[in-house]
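> To start, I am sharing the structure in question, which I have written as structure tokens.
The values are calculated or read from the model by the stated rules, or taken from the named source; none is laboratory data. All values derive from a computational prediction rather than experimental measurement. Methodologically, a virtual Cβ is constructed for each residue, glycine included, from the backbone with ideal geometry; neighbour enumeration extends over all protein chains shown. All accessible areas refer to the heavy atoms of the entire protein, side chains included, with ligands and DNA or RNA removed. Shrake-Rupley method; radii C 1.70, N 1.55, O 1.52, S 1.80 Å.
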Amino acid sequence: MGPTPFGQYSTAFAFVGLFRILPDFGMSYASTLAISRDRSLAERLVGGLLGFQAVLSLLTVALCLGLGATRYSGVTRFAVAVLTVDLVLKSVKSTLRWVLKGLERFGTEAVSLLVERSLLLLLGAAALLGGGGVRGFVIVFVAVRLADTSGLLVYVTRRVLPLAPHYDPRLWADLFRKGLPFAYAGAMITLVFQVDTVILERLRGATEVGWYRSPVLVLEGLTLVPRILGYALIPTMAAWAATRPEAVAELYRRGSKYLLLAGLPVAAFGLLESDRFIALLFDRAYAPSALASRILLPAAAFLFLSNFGETTLACVNRWGTIVVVSTLALVVNVALNLALIPSLGFVGAAWATLITEAAYFAATAIALRAYGYRVGWPSLVWRPLAATAVFAATLWLGHSWPLAAAAFIASAAYAAATVALGAWDVQERSLAADLLRGRSSGASRLAS
């Protein structure tokens, strides 16, 4: 796709994404926390949840298609209609993935995700190379999701947990009540990631959306890093929240350190190499995207930490706080987009994202500190910052080298710097040695 058709697709994706929370309403997340504490609840909770989701999905489709038809036309309207069906299928798949996480079946969940994303990549590329354009590309999403979700549903029912959607008004009311705080927070976060695209398309057109969304998708892809960490720790942190708060605090501190070590080099890379990085990923029509990339990739450091902070707040049942800080983030984001996009265009949208993520991280960190989950940020951050300085210096010195070579050498220098600066403590070095020998000690050992 060029920037304009990519902007049309991105606008449809963002518009449908505004309704993403409706088919589930936060109930999968809330159910996972309950299942993590008592696995005997799984069959009844998930059966009732799937039944309720069927009703909510019908309402979501009607709302999304109705509003989309009045807002868009042509290719964008077609994409909205197809991606609405994909949204419903994705909601069911998400529920099944949360069930697997709650039962600590991480291997099954990972394989399912890998198959889904591989098929989307291969068939999506084939559709574009075959001239299918936006229409062919979005049809691939529905086709893959239908096969993948159906297959996973059959597998989970036969091998993991017997699932039978059922009507249970009392359970539905309880699920809705428990999921509502997460639904609200999820809606706020979804709006933060999607509303800027809708505003940008309205004020500056689809081409600028294409320039903006290309580095945004890189940033969104990087959210896999905190998600992997958060999903792995959710069952443990949720189970320990009431009985071992000091262990939860230790996992939060360690997790934050790992995310700093992962996010700060990304920020340095974005500042120094966005021109070559965008040229490597996209064609010359996307050259302006480098302006946004220099702002958006540094936001990864804040994004990683805010994502994990929100997960920790959920595990310790601080839903009211999540509601407050997510609302604050949305208000800040919308205000900044409305103020900056008219004059700065897609670059203004990038600045709005960076500032919002920084504010969201600060709010979650302050809240967790107030609840007694202290990190000691000055002592935690200086080693990752110092190692990142080594990474950045090496990358800058190698600017005349091919990008892959410069990044590889800078990464090697960074890894050596983390060891030399003592970023890894005795427990972490011991755990790494055990993993290399094929033994896993788990989160409990790190928190002990």
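> Write down Rg/Rh for the range 290-433, rounded to two decimals, with Rg from the C-alpha atoms and Rh from the Kirkwood relation over Cα pairs.
Result: Rg/Rh = 1.04.
> Calculate, in whole percent, how much of the Cα-Cα pair population of the range 141-196 lies beyond 17 Å.
When every Cα pair of the range 141-196 is considered, 66 percent fall beyond 17 Å.
> Could you work out how much longer the chain between Leu397 and Ala239 gets when fully extended? Use 0.36 nm per residue separation minus the Cα distance between them, nm to one decimal. Working shown, then result.
Numbers: separation 158, 0.36 × 158 = 56.88 nm, distance 4.77 nm.
Once the chain is fully extended between Leu397 and Ala239, it gains 52.1 nm.
> Note the full-extension length gain between Leu380 and Val331 as 0.36 nm times their separation in residues minus their Cα-Cα distance, in nm to one decimal.
14.6 nm
> Give, to the nearest whole percent, the P(r) tail of the range 109-240 beyond 26 angstrom, counting all Cα pairs.
Summing the P(r) tail past 26 Å for the range 109-240 gives 46 percent.
> Considering only Ala242, Val111, Thr418, whose Cα is most displaced toward the positive end of the charge dipole of the chain, charges sitting on Cβ of Lys, Arg (+1) and Asp, Glu (-1)?
Positive-most Cα among the choices belongs to Ala242.
> For the range 196-255, max minus min Cα coordinate along each principal axis, in Å, sorted largest first?
Ordered largest first, the range 196-255 gives principal extents of 53, 18, 17 Å.
> Mean-square fluctuation check for the chain, GNM, Cα pairs under 10 Å: which of Gly320, Gly68, Gly124 is largest?
Gly320
> Given a Förster distance of 22 angstrom, what is the FRET efficiency for Arg253 paired with Ala389, based on the Cβ-Cβ distance and rounded to 0.05?
0.50
> Once the piece of chain linking Thr4 and Thr223 is laid out straight, how much longer is it, given 0.36 nm per residue of separation minus the C-alpha distance between them? Don't jump to the answer; show the numbers that get you there.
Working: separation 219, 0.36 × 219 = 78.84 nm, distance 2.55 nm.
Computed gain between Thr4 and Thr223 is 76.3 nm.
> Given labels modelled 7 Å from the Cα in the Cβ direction, how far is it in nm from Ile366 to Ala110?
Reported label-point gap for Ile366 and Ala110 is 3.8 nm.
> Taking θ = phi - 60°, what integer Hz values does the Karplus form 6.51 cos²θ - 1.76 cosθ + 1.60 yield along the range 270-283, in sequence order, with x for Gly and Pro?
x, 5, 8, 10, 4, 4, 6, 5, 5, 5, 6, 7, 10, 7
> Another question about this same structure. With an 8 Å Cα cut-off and a minimum separation of 6 or more residues, compute the relative contact order for the chain in percent. The partial results should precede the final answer.
On the way: 603 pairs, mean separation 86.8, N = 448.
So the answer I get is 19 percent.
> Please compute the per residue accessible area over the chain with all protein chains in place, 1.4 Å probe, rounded to a whole number of Å².
That works out to 43 Å² for each residue.
> Give me Rg/Rg_expected for the range 255-360, where Rg uses Cα atoms only and Rg_expected = 2.2 N^0.38 Å with N residues.
Its radius of gyration relative to the 2.2 N^0.38 Å reference: 1.20.
> Between Asn317 and Asp425, take the C-beta separation as r, use R0 = 41 Å, and let me know the FRET efficiency to the nearest 0.05.
Details: r = 29 Å, r/R0 = 0.71.
Taking R0 as 41 Å, the efficiency between Asn317 and Asp425 is 0.90.
> Let me have the relative contact order for the range 311-397, percent, based on Cα pairs under 8 Å that are six or more residues apart.
Computed over the range 311-397, the figure is 25 percent.
> Shifting gears a bit: Of all the C-alpha pairs in the range 354-395, what % are more than 13 Å from each other?
66 percent
> Tell me, what is the percent relative contact order of the range 288-356, built from C-alpha pairs under 8 Å that lie six or more residues apart?
Dividing the mean separation by the residue count of the range 288-356 yields 44 percent.
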